[in-house]
Structure formats: structure tokens, C-alpha cells
1. Find how many whole Å separate the alpha carbon centroid of the stretch 79-147 from the alpha carbon centroid of the stretch 1-22.
2. Of all DSSP beta bridges located in the chain, what percent are antiparallel, nearest 5?
3. Using a simple spin-label model with points 7 Å from Cα along the Cα→Cβ vector, what separation in nm is obtained for Tyr138 and Gln107?
4. Taking each pair of distinct Cα atoms in the chain once, what is the resulting Kirkwood hydrodynamic radius in Å?
5. Note down the nm distance, to one decimal, between modelled labels 7 Å out along Cα→Cβ at Thr120 and at Asp58.
6. Please check which bits of the stretch 46-61 a label hung off Lys4 would reach, taking the label as a point 7 Å along Cα-to-C-beta and the cut-off as backbone N under 15 Å.
7. Loop-only check: which chymotrypsin sites (Phe, Trp or Tyr not before Pro) in the stretch 38-147 are DSSP coil with at most 11 other Cβ within 10 angstrom?
8. Given Val141, Met108, Thr35, which one lies farthest toward the positive end of the charge dipole of the chain, if we put +1 on the Cβ of every Lys and Arg and -1 on the Cβ of every Asp and Glu?
Amino acid sequence: MSDKVEVRELLPSERDSRFIEILALYETVGWTNYTNRPERLRTGYAGSLAVWGAFAGDKLVGIARAVGDGATIVFVQDLIVVPSYQRRGIGKQLMQAVIERFSGVYQMELLTDDGSAACTLYERLGFTCSDAMGCVAYIRVSHNWGA
């Protein structure tokens with residue numbers, strides 16, 4: 001397996017043409033809320049501000065997806081790296097692409113599992129846990145999302 005990975009932004013047409021590969025990334029990490037509703041995920045990708053892919057040759061091994069208004073707020077909705085490619089700096093490359101593209105945006109946010117290895121990465125990239133800023137995050141999840 002080559003160590004050379006290229007990160008580049010995916011245009012909307014490429015997001016669509018590579019959708020099966022993108023969906024497979026979600027399957028590798030067990031994100032079934034997306035894999036059980038592929039058409040909703042496809043619609044989400046169509047409405048995203050920007051998407052980056054990490055490629056080992058022509059193989060898609062990672063993805064980052066940003067949503068928001070692109071001026072005052074950007075939310076990093078998804079950051080996925082195929083497990084066999086993790087711990088090689090690919091997540092960092094993807095996040096740096098997002099940060100560079102939206103460097104002038106006032107606020108960039110993301111959610112991750114508490115205590116995950118990704119927390120260290122995000123902190124190294126300048127993110128602060130919201131509770132350390134005197135903030136609290138709230139989430140409302142639709143229980144009929146698949147309906």
C-alpha cells in the first residue's frame with residue numbers, strides 16, 4: 001500500500017459520479033444512519049458547501065464534507081478515513097484543506113465522539129472543546145429521519 005495520498009476538492013459532478021465509493025467509506029466506519037438512507041446522503045452531498053477526497057492512486061480512502069453559509073459559519077459534517085489508512089496523517093490533510101479553504105470564516109464547528117483519538121487532532125489544528133469556551137452544544141435528532 002503506497003504512502004502517497006493526494007487530497008483534492010471534489011466538484012459536484014465528481015461527488016455524484018463517485019457516490020458509490022463515498023457510500024462505501026461510510027460503510028467502512030459503520031455509519032449506518034447514512035448507509036441505510038443513501039438517497040438522503042446523496043442529497044446532503046449535493047447541498048454541501050465543499051467536499052474533499054483523499055486518494056491513494058485512484059482509490060478514495062478518505063472524505064471531508066463541509067456545510068454552512070461559508071461566510072459566518074462552516075460545520076465539518078463528516079471526516080472519514082478508511083480504517084486501514086488511519087494514523088497516516090490523512091485526516092489532518094483533509095482538515096487542513098477545509099481550514100485553508102474557509103480561513104476567513106468566523107466560526108468553524110464539528111462534533112466528534114467524546115474522548116476519541118480525533119479530539120487530539122482537532123485540538124492540534126486549533127479547535128477548542130465548546131465547554132472550555134463556556135458554551136454548550138445542543139443537538140436535536142429526528143426519530144423519523146428515515147420516514
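1. One Cα centre to the other: 20 Å.
2. Working: 18 of 22 bridges.
That works out to approximately 80 percent antiparallel.
3. For the pair Tyr138/Gln107, the computed spacing is 1.3 nm.
4. Values: mean 1/r = 0.0621 Å⁻¹.
About 16.1 Å for the chain.
5. 3.6
6. 55-59
7. Working: sites: Tyr45, Trp52, Phe55, Phe75, Tyr85, Phe102, Tyr106, Tyr122, Phe127, Tyr138, Trp145; in loops: Phe102, Tyr106, Phe127, Tyr138, Trp145.
Loop-located and lightly packed - Tyr106, Tyr138, Trp145.
8. Thr35
Here, each number is a calculation from the coordinates, and none is a lab measurement. Nothing here was measured: the structure is a model prediction, and the numbers come from that model. Note: ideal-geometry Cβ built from the backbone for every residue, glycine included; neighbour counts use all protein chains shown.
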